[in-house]
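Undergrad: Before I ask anything, here is the structure I am working with.
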Amino acid sequence: MAKRFIDTSIFRKDFIRGLDAPCKLLFLYLINECDHAGLWDVELEVAEVRLGLKFKGDPINQFAGKVIPVDGGKKWFIPSFVNFQYGDLNPENRAHGSVISLLKKFDLLDSEHQIKPLISPLQGAMDMDMVKDTDMVKVKAPETEKFNPFDFIPDTWDR
């Protein structure tokens, strides 16, 4: 099961607000059902069954360039998906490699969508356990005299 980032303000976007309810649901379906490169095999009948609704006409017409038909209309591509999930794609980042090859296969990376390299090829996906281990360096406090809670009570009080 793939896990995806989702924009918590998605319903505040003009594009989403402009869609009718079935297309809003279809767009959410698309960003959850597409592959890791933002490509979805067009199966509107399956989507209708899974979502429990019927689409009037071809819903891609409502997506106004936010979803692009590729491979003769057999697939739909969501350009904003890749940018949101990965940021700038870098061919030296192993996590981006298969995304880049899929997008090149369908001729989706050109001079307008240049792959911008990261500052370092080591940037990108990291094992969070390693990050946690390195952050957990403990510094031992120097030994001091024993703590006496009565030292903080003013002399004017009875002990």
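The values are calculated or read from the model by the stated rules, or taken from the named source; none is laboratory data. It should be emphasised that the depicted structure is a prediction, and the values quoted were computed from it without experimental measurement. Cβ: placed from backbone, ideal geometry, glycine included. Neighbour counts: every protein chain shown. Each accessible area value is taken on the protein alone, full model and side chains, heavy atoms only, with ligands, DNA and RNA left out. Shrake-Rupley method; radii C 1.70, N 1.55, O 1.52, S 1.80 Å.
Undergrad: Cα convex hull of region 27-79: mean projected area in nm², to one decimal? Don't skip to the answer; put the middle values down first.
TA: Working: hull surface 14.2 nm².
The directionally averaged projection comes out at 3.6 nm².
Undergrad: Here is a follow-up. If packing is taken as the mean number of other Cβ atoms within 10 Å per residue, what is the order of 67-80, 5-18, 26-39, 49-62, highest first?
TA: Packing proxy ranking, top to bottom: 26-39, 67-80, 49-62, 5-18.
Undergrad: Compute the convex hull volume of the Cα atoms of region 1-64, divide it by the residue count, and report the result per residue in Å³ as a whole number. Write out the running numbers ahead of the final one.
TA: On the way: hull volume 6.6 nm³, N = 64.
Hull volume over Cα atoms, normalised by residue count, gives 102 Å³.
Undergrad: Using a 1.4 Å probe over the heavy atoms of the protein chains, calculate the carbon and sulfur portion of the accessible area of region 28-113 as a whole percent.
TA: In region 28-113, the share of accessible area belonging to carbon and sulfur is 48 percent.
Undergrad: When averaged across all projection directions, what area in nm² does the alpha-carbon convex hull of region 66-106 cover?
TA: Details: hull surface 11.6 nm².
Mean shadow area of the hull around the Cα atoms is 2.9 nm².
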